[in-house]
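Computed from the coordinates by the stated procedures, all read-outs in this text should not be read as laboratory data. Predicted model only: the values in this text are computed from it and were never measured. Here Cβ is always computed from backbone atoms with ideal geometry, including for glycine, and neighbour counts include all displayed protein chains.
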Amino acid sequence: MLRFLTSGESHGRGLIGIIEGMPAGIKIDEQDVNQELQRRQKGYGRGGRMSIESDQVEIFAGVRNGITLGSPISFLINNRDFANWQDIMGAGECSRADQRIINRPRPGHADLSGAIKYNQTDMRNILERASARETAARVAAGTFFKKLLEGFNIYIYSQVISIGNVRAIYTEVNPGNINQIREAIEVSQVRCCDSAAEKEMVELIDMARANGESLGGSFEVGAIGVPPGLGSYVSWDRRLDSQIAGLMMSIPAIKAVEIGAGINNTTVPGSMVHDEIFYDVKQGIYRKTNRAGGIEGGISNGETVWTRGYMKPIPTLYKPLTSVNTLDWEEETAVIERSDICAVPAAAVVGEAMLAYGLAGAIVEKFGSDTFSQMQEAYTCYRDYMKKVWKWEKI
Ligand code: EPS
């Protein structure tokens, strides 16, 4: 079983990740991870923290000479900002801990619900872990999962679909255009391949910043090259779509998820939803549509697996909403914590890591997890079975 854990507070010493269940024999180094971390830091509308941090990973264990050992992998991402916070957020006695106390919870963040749950009068003890800073560790872990998937010719992509009320013209990603789309998205300030929409999104973010507002939006994350047969309907918790939906929802500020065109599919009759099945001797079994998002009955069907995450506007507003000071229960405005105006592009990169984790877990479940090469041999046998029995030519 593949699993991972992260630890660390936003202004503490750093973030730590531990991955258990990765096979031996995967080639990876710190530069691979750092490239992913840099992608997460980008995005128009990101806050001042991104000019302090230049996220770099140190791999502590589980990798030797650039190859995974099969043992637990651990890594560290130092918080450069800790230099400014060590007397406030250090593990030992802090001489300035009382200087950044929070008693005016931000509507929409974990401040109040977390303080109630953990009986914390200083809500900084909540927001430090609830912060989206934690997602840097997920992206680092996601690099390992992506490397595993690439050994099976499975590639992850993401694109921003909307920011606020600005919606991009949609371009479906497929094996034929993924490299070209990825190039366009990587140079976009908002990870959107519609340059006209990108311009409008940037303007909208500038307006939000000027008005003390924040913005949410939506993004698509997908995986091409996924073989049929991952996940299962036999038990509720093995359905691949429910696993992926949960992983996307676990990203801070995500409040809705759809698998494939799940939302639009509710508005049209069945004959316009379900992806008809065709066969010809050259292609084998194929489909002309993929509104199911590559998953039917909780099982991957060999089409692109795609999902969309819907992100609420970030709770910190520089024109704060009404809240309560929990010291005297008087009505006051919520605290203002340095924050992003819009982090939808960053959330898309985090979504890639979470989708990669879900699919890597399903691959490990189906093809084993001790040795990368043996998993690939098992996959070759599976592909032969798919071709021979199911006339499947796509993988
Ligand atoms: C973030 C780091 C945080 C926030 C932001 C994202 O750093 P700081 O709190 O020092 O500014 O900027 O987190 C949030 C917006 C949030 O609401 O949690 C990061 O590294 O992505």
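Structure notes:
- Kirkwood estimate for the stretch 62-211, i.e. one over the average of 1/r between Cα atoms, Å: 19.7 Å
- Sum of -39500 (n - 2.57) over DSSP H runs of 4+, divided by residues of the chain (222 nm, nearest 500): -10500 deg cm²/dmol
- Sequence-separation-based contact order of the chain, relative, with Cα cut under 8 Å and 6+ spacing, percent: 23 percent
- Within straight-line cross-link reach of Lys387, lysines at Cα separation under 23 Å, skipping those fewer than 8 residues along the same chain: Lys282, Lys288, Lys366
- Building the convex hull from the alpha-carbon atoms of the stretch 146-204 and averaging its projection over directions returns 4.3 nm².
- Cα-based Rg and Dmax for the stretch 280-348, where Dmax is the largest Cα-Cα distance (Å): 23.1, 75
- From most to least packed by mean Cβ count within 10 Å, the peptides 35-46, 169-180 give 35-46, 169-180.
- Fewest-first ordering of Trp329, Trp390, Trp306 by other beta carbons within 10 Å of each residue's beta carbon gives Trp329, Trp390, Trp306.
- Ordering 378-385, 56-63 by mean Cβ neighbour count within 10 Å, with the highest value first, yields 56-63, 378-385.
- Average 1/r across all pairs of distinct alpha carbons in the stretch 3-394, invert it, and you get the Kirkwood radius: 22.3 Å.
- Of all lysines in the structure, the ones whose alpha carbon falls short of 23 Å from that of Lys42, not counting any fewer than 8 places away in one chain, are Lys146, Lys147, Lys199, Lys255, Lys312.
- Taking the convex hull of the alpha carbon positions in the stretch 198-323 and averaging its projected area over all directions gives 11.3 nm².
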